[in-house]
Amino acid sequence: MQLHSIELRCPYCHAAQTLALAGQHTCEYCLRAFTAVDADAAREQTTAAVTDWLSTQVGGSPTAEVVDLTSRVYIFRERILPELSRDCARALEGLGAWLQVPLVLARLVRSAGERHPLLGAHLRMQHIVQLRARLEHEHIRRFAVDDESRRELWRL
């Protein structure tokens, strides 16, 4: 019997977890409870959303290999990159003061029962998780065919 390593990510904050056992998990970063089934469903939902977004940008199947090099460069420069750039700028702008919040607050600073301020921004974090998934998606990277395009994608 061969053992396979499976990366387990929190479905809420998308943080990689170090221990992957069966049953209930508690995220090491956002401290929310989830199961491996929840994490898998969130991953599939994010992948489907990225594929749908890319199909609208490409105007067809993003997995089609029949698109020639010139068309890929055009699609990347005129459709994919501007959307990704805009969404990255909005995500950073929307975080604003959240970028100044420490990830770990000392127990003395928080009053009893107070949640971490970043937990209240769950929907915003889900948007950032989906944006990151778009930036890392293999089909999107296939449209960045030249070195300059890859550098621009990397800068986002």
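If we count every other residue with Cβ under 11 angstrom of F34's Cβ, Lys/Arg +1 and Asp/Glu -1, where does the sum land? Could you put the intermediate results ahead of the total?
Details: positive: R9, R32; negative: D38, D40.
For residues surrounding F34, the net value is 0.
Accessible area, 1.4 Å probe, largest first: how do V145, V129 sort? Provide the component values of the computation, followed by the final result.
Details: V145 40, V129 15 Å².
So the residues, ranked largest to smallest area, are V145, V129.
Using amide H atoms built in the peptide plane, which far-off residues or other-chain residues are under 5 Å from H25 H to H?
Correct list: F34, T35.
Mind giving me the nanometre distance, one decimal, between the label points for E136 and V73, set 7 Å out from Cα along Cα→Cβ?
3.0
What number comes out for the charge environment of M125, summing +1 per Lys or Arg and -1 per Asp or Glu over other residues with Cβ under 13 Å away? It would help to have the intermediate numbers written out before the result.
On the way: positive: R9, R32, R124, R132; negative: none.
With Lys, Arg at +1 and Asp, Glu at -1, the neighbours total +4.
The values are calculated or read from the model by the stated rules, or taken from the named source; none is laboratory data. Just so it is clear, the structure is predicted and the values come from calculations on it, not from any experiment. Neighbour counts run over all protein chains shown; Cβ positions are idealised from the backbone, glycine included. Heavy atoms of the whole protein, side chains included, go into the accessibility calculation; ligands, DNA and RNA do not. Shrake-Rupley method; radii C 1.70, N 1.55, O 1.52, S 1.80 Å.
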